[in-house]
Amino acid sequence: MINNLHIPIMANEVLSLIDNKNNLSILDCTFGGGGHSKKFLEKGHHVIAIDQDENANIIAKKLKKKFPNFFFYKSNFKNFDLLDLDKKKFNLVLLDLGFSSNQLADSDIGLSFKENSKLNMNYLGGDLNAYKIINYYEKDELQRVFKIYGEINQAEKLAKYIIQQRSLKKINTNFEFINVLRDSGVNFRSKKIHFATKAFQALRIESNSELENLKIFLKNIHIFLDINAYLAIISFHSLEDRIVKNYFRENRIKKNKNFQNNKNWGFEILTKKPLIASKTEVLENNRARSAKLRVGRFIN
Ligand SMILES: C[S@@+](CC[C@H](N)C(=O)[O-])C[C@H]1O[C@@H](n2cnc3c(N)ncnc32)[C@H](O)[C@@H]1O
């Protein structure tokens, strides 16, 4: 039995996009605990949801019993265009990126630096994980992960230290990895956040190919958007948000209504600056503090 701990983030802001609209087709590409999907279903919309996580699949089966107009696909959202979906055009597509609170609480996944778990961090059930990265990546690859995905300035120093330590003994657990970080002499420059946050973020992004999945998804999503459809994307770190921001910028409709790059489609950007969660929501759900919501309206 799964204890569903996830609280949907910025649900009011997402729902306000489709206020007073009935019978919409909605594609929820990150079902998670089903919080957003359930809200759409309660308003009578038709929902197709995707998630690669097995627990999400179990939660979805329960929801299906209550709502016949709900369909779930266990898949990576980067492959959504290969799925045999019963709808081909959607009025709202939602991505609520990253991991759910259910996955955060799962010590087999080991996303938290507060709990000692085996080094893993793959929440999508894939083959790559933090143990393989830390114990087997070459120096340049380690350096790339920490520099690009962790934005750690002394990534080379960290990579060298990890290689030295793992030659003495494999690094098996989150706490062992935190000790390596602490002893590395690297300045993580983190007054506000735990010093291991950025290194954990880097390993998580690499283990799950987070940025690649998002980029692949964005390549084809326009084919599935109905006229005036909303594409709403909630991201939780600046690397993801930058990809989303650039995607909307590159495909925005200019003031003279010209499409860019010889395309016959584009977006009206509804969030010049990304929306953030209200203070009340952040007080009730701390995970909302870093959420950024960007929305575009599809024009073709
Ligand atoms: C923040 S949670 C979504 C929570 C959901 N909106 C809710 O209200 O319950 C993100 C979910 O997206 C899933 N996910 C992340 N990347 C994915 C990918 N590339 N393919 C499929 N699912 C993915 C995760 O497994 C996780 O369940």
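When only C-alpha pairs under 8 Å and at least 6 residues apart count, what is the relative contact order of the stretch 129-208, in percent?
43 percent
Taking every Cα-Cα distance in the chain and sorting them into 10 Å bins starting at zero, the pair-distance distribution P(r) comes out as 6, 26, 32, 22, 11, 2, 0 percent.
When the Cα positions of 126, 9, 73 are compared along the charge dipole of the chain, 9 comes out farthest toward the positive end, with charges on each C-beta of Lys, Arg, Asp and Glu. When only the Cβ of Lys, Arg, Asp and Glu is charged (+1, +1, -1, -1), the dipole of the chain relative to its Cα centre reaches about 860 debye.
Loop-located chymotrypsin sites (Phe, Trp or Tyr not before Pro) in the stretch 207-300 (DSSP state other than H, G, I, E, B) with a sparse environment of at most 16 neighbouring Cβ atoms within 10 Å: 259, 265. Projecting the Cα atoms of 237, 223, 202 onto the charge dipole of the stretch 160-242, computed from C-beta unit charges around the Cα centre, puts 202 farthest toward the positive end. Sparsely packed loop sites in the stretch 136-171 (the trypsin sites (Lys or Arg not before Pro) outside DSSP H, G, I, E and B with at most 10 other Cβ atoms within 10 Å) comprise 169.
Using θ = phi - 60° in the Karplus curve 6.51 cos²θ - 1.76 cosθ + 1.60, the 3J(HN,Hα) couplings for the stretch 97-104 round to 6, x, 10, 8, 5, 5, 6, 4 Hz; x is entered for Gly and Pro.
Using Cα-Cα distances under 8 Å and only pairs 6 or more residues apart, what relative contact order does the stretch 1-78 have, in percent?
Working: 113 pairs, mean separation 22.0, N = 78.
With pairs under 8 Å counted, the relative contact order is 28 percent.
Working from the Cα coordinates of the stretch 237-300, the gyration tensor eigenvalues give, after taking √(5λ), semi-axes of 29, 12, 7 Å in decreasing order. For the chain, hydrophobic long helices are taken as DSSP H runs at least 30 Å long by C-alpha position along their axis with mean Kyte-Doolittle hydropathy of -0.5 or more; none is present. Taking the Kirkwood radius as Rh and the Cα radius of gyration as Rg, the stretch 11-86 has a ratio of Rg/Rh equal to 0.95.
A helix-only calculation puts the chain at -10500 deg cm²/dmol for mean residue ellipticity at 222 nm, using -39500 (n - 2.57) for each DSSP H run of at least four residues, averaged over all residues. Its relative contact order, with pairs defined as Cα atoms under 8 Å and 6+ residues apart, puts the chain at 17 percent. Taking the alpha-carbon centroid of each part, what is the distance from the stretch 96-115 to the stretch 211-248 in angstrom? What the calculation gives is 23 Å, centre to centre. Pairs with C-alpha atoms separated by more than 27 Å, drawn from the list 147/279; 61/198; 139/170; 219/292, are 147/279; 61/198.
With a/c under 1.5 counting as rounded, go ahead and sort the stretch 129-208 into rounded, prolate or oblate using the C-alpha gyration tensor (a ≥ b ≥ c being the square roots of the eigenvalues; past the cut-off, prolate if a/b is larger than b/c, else oblate). Verdict is rounded for the stretch 129-208. Rounded to the nearest 20 debye, the dipole magnitude of the stretch 129-208 is 220 debye, with +1 charges on Lys and Arg beta carbons, -1 on Asp and Glu beta carbons, and the Cα centre as origin.
Starting from the stretch 191-273, pick out the trypsin sites (Lys or Arg not before Pro) whose DSSP state is loop and whose Cβ has at most 10 other Cβ atoms within 10 Å. For trypsin sites (Lys or Arg not before Pro) across the stretch 191-273 that sit outside H, G, I, E and B with at most 10 neighbouring Cβ atoms in 10 Å, the list reads 191, 192, 254, 255, 257, 272.
Every number in this text was worked out from the coordinates using simple rules, so none of it is lab data. The structure displayed is predicted, hence computed values, not measured ones. So basically every Cβ, Gly included, is an ideal-geometry build from the backbone, and we count neighbours across all protein chains shown.
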